[in-house]
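First comes the structure, then the notes that go with it.
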Amino acid sequence: MPSLMFAFFGFWWPQILLCVRTDCRQPLKPEFVLGTSLTRLALPLYVYACPSNLLRVEPNLPLCVGLVAFVGLQCVCLLYTSRRG
């Protein structure tokens, strides 16, 4: 399941590759990138970090940290590609 989580949360990589290929300067506003990333992380962080979640899933803090770092890396890459030049 953790590897599937990382596959599903690689949602910014196509946009990053498009920006690099087309030399796009400002594809998306930083507020949109950060807001979208945070809202997409809300549910998995609730399920895997909250000890008393509704699904009764055991907390997995390394998965949560890795997922936040993975999405954060994508945000940094996307915002960097839009600022270069």
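Are there any trypsin sites (Lys or Arg not before Pro) in the stretch 19-85 that are in a DSSP loop and have at most 14 other Cβ atoms within 10 Å? List them by number. Please report the intermediate quantities before stating the final value.
Working: sites: ARG21, ARG25, ARG40, ARG56, ARG83, ARG84; in loops: ARG25, ARG56, ARG84.
Of the trypsin sites (Lys or Arg not before Pro), the ones in loops of the stretch 19-85 whose Cβ has at most 14 other Cβ atoms within 10 Å are ARG25, ARG56, ARG84.
In the list (1) 29, 12, 9; (2) 22, 12, 9; (3) 20, 15, 11, the label attached to semi-axes √(5λ) of the Cα gyration tensor in Å as derived from the coordinates here is (1). Using a cutoff of 8 angstrom between alpha carbon atoms and counting only pairs six or more residues apart, the relative contact order for the chain works out to 44 percent. In the chain, the DSSP-assigned H stretches of four residues or longer account for a calculated mean residue ellipticity at 222 nm of -23000 deg cm²/dmol, using -39500 (n - 2.57) per stretch and the full residue count as denominator. In the context of the full set of protein chains, the chain has a per residue accessible area of 67 Å² (1.4 Å probe).
Taking all protein chains together and rolling a 1.4 Å probe, SER52 ends up with roughly 90 Å² accessible. Relative to the longest principal axis of the Cα atoms of the chain, the long axis of helix 30-49 makes an angle of roughly 20 degrees. Residues whose amide H comes within less than 5 Å of that of VAL57, counting only those at least five positions distant or on another chain, are absent (H built at 1.01 Å from N in the peptide plane).
The values are calculated or read from the model by the stated rules, or taken from the named source; none is laboratory data. Because the structure is a prediction, the values reported are computed rather than measured. Every residue, glycine among them, receives a Cβ derived from its backbone with ideal geometry; neighbour counts consider all protein chains shown. Remember, those area values only see protein heavy atoms, side chains included, never the ligands or the DNA or RNA. Shrake-Rupley method; radii C 1.70, N 1.55, O 1.52, S 1.80 Å.
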